[in-house]
Amino acid sequence: MFKTITFVFFLLAATFARSQDPRFSQFFSSPLTLNPAFTGKFFGSYRVAGNYRNQWPTLNNAFTTATASVDFQIMREKLPNNDTWGVGFLGLNDNSANGAVKFNYGSFSTAYHKGLDENGNHQLGIGFQLTYANMLINTANLRFEDQLTSAGFTGISSEIFSGATLKANYLDINAGILYNGSTNERNNFYAGISLYHINRPKQQFTGATYNLSPRATFHGGGYFPLGTSTTLHLSALQMFQAGVSETTIGTAIQLNTDPDNWLNSTSLYAGTWYRFKDALIPYVGLEFGDLRLSATYDFTLSNLRTATLNRGGIEISLIYIRRPNTDRPVNCPKF
């Protein structure tokens with residue numbers, strides 16, 4: 001019996017460790033969790049972003065993740081016209097096992113984008129991020145085999161846990177670089193590399209220690225006009241961590257109802273992303289003025305579709321960018 005409990009415990013512990021890096025299908029809508037070099041890289045005064053994901057909702061809130069971030073540009077009057085310096089703050093909450101395991105993160109990030117040409121159409125940015133992480137395991141909400149009785153689950157596995165909660169915290173260091181370019185007022189292309197957990201922070205509780213493996217991500221994308229009111233968006237991501245890799249590619253079409261009035265026009269988005277050997281991810285979005293609301297649903301294609309009753313993950317994102325009143329927009333990464 002004890003071997004069974006120990007196996008389940010370490011299986012859970014491995015799951016908890018991986019939850020440090022929650023995965024967003026809309027990675028392009030969560031810039032500060034993708035690459036610190038995205039900090040301040042947008043056209044506007046400030047940017048507010050929010051994301052919510054419920055992975056496999058049929059498994060009673062197995063994994064739910066929510067983020068909120070704000071970033072803005074500083075010292076614009078003292079910097080060259082083709083340079084940008086950004087500062088941002090991020091909060092993230094990641095719950096597993098119906099709330100039994102909780103991770104909370106608070107991050108500060110900054111990035112400097114150096115203009116490579118006179119007009120600032122090409123920039124190279126470097127960003128850094130410092131994260132304080134707190135993890136909490138409510139052992140009273142965990143269920144093990146020795147708790148199962150004819151009346152249901154009772155008590156707690158005292159063979160392992162002597163207290164009601166397990167707590168730990170640590171500091172994390174992340175960094176990234178980003179190239180952004182444009183050849184006219186209607187296109188954009190970018191490529192970046194980010195590295196998270198550079199210092200390999202230590203997660204430790206109940207005598208068990210786990211060092212987080214660095215996560216390297218290569219990503220890129222762009223958008224290109226197909227007509228006066230139609231734009232093609234592309235993006236891709238390749239991630240590596242602890243011998244595991246993830247590849248996601250996709251595209252979306254933007255239909256602009258009033259292309260001559262870019263400040264107050266409304267756009268509709270529709271597209272699909274594909275995470276190799278895992279899921280097909282349809283995407284829909286609505287943008288009006290400074291606000292963009294998007295939704296995706298993961299259709300699981302891997303062997304997990306049986307355990308999850310062919311259900312995937314629901315994800316919603318919201319991005320608000322306060323844009324200035326100007327006749328000349330500055331093209332920045334969007335997807």
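The values are calculated or read from the model by the stated rules, or taken from the named source; none is laboratory data. Keep in mind that this is a model prediction, so the values were computed, not measured. Quick reminder, even Gly has a Cβ in these numbers, built from the backbone with ideal geometry, and neighbours come from all protein chains shown.
Some observations on this one:
- The single condition among (1) part of a loop (DSSP other than H, G, I, E, B); (2) small (G, A, S); (3) modelled with pLDDT of 95 or more that S302 does not meet is (3).
- Restricting attention to the range 286-300, the residues that are within 17 Å of the chain's Cα centre (by Cα) and either under 18 Å from R323 (Cβ atoms) or crowded, with 19+ Cβ neighbours inside 10 Å (or both) add up to 5.
- Filtered residue count, the range 113-134, keeping only those that are without any contact (Cβ under 8 Å) to a residue 60 or more places away in the chain and within 21 Å of the chain's Cα centre (by Cα): 4
- Scanning the range 59-110 for residues that are modelled with pLDDT under 90, of a type in the set (A, V, I, L, M), on the phi < 0 side of the Ramachandran plot and buried (at least 17 other Cβ atoms within 10 Å of the Cβ) gives A62, A100, V101.
- Any hit, the range 24-43, residues being assigned to a strand (DSSP E or B) and surrounded by fewer than 23 Cβ atoms within 10 Å (Cβ to Cβ): no
- Identity of the residue in the range 265-288, in contact (Cβ under 8 Å) with a residue 40 or more places away in the chain and hydrophobic (A, V, I, L, M, F, W, C), that ends up nearest to V244 (Cα to Cα): A279
- Verdict on G222 being of a type outside the set (F, W, Y), within 18 Å of S109 (Cα to Cα) and buried (at least 20 other Cβ atoms within 10 Å of the Cβ): no
- Selected residue [modelled with pLDDT of 90 or more, exposed (fewer than 13 other Cβ atoms within 10 Å of the Cβ) and part of a strand (DSSP E or B)] from L171, L178: L171
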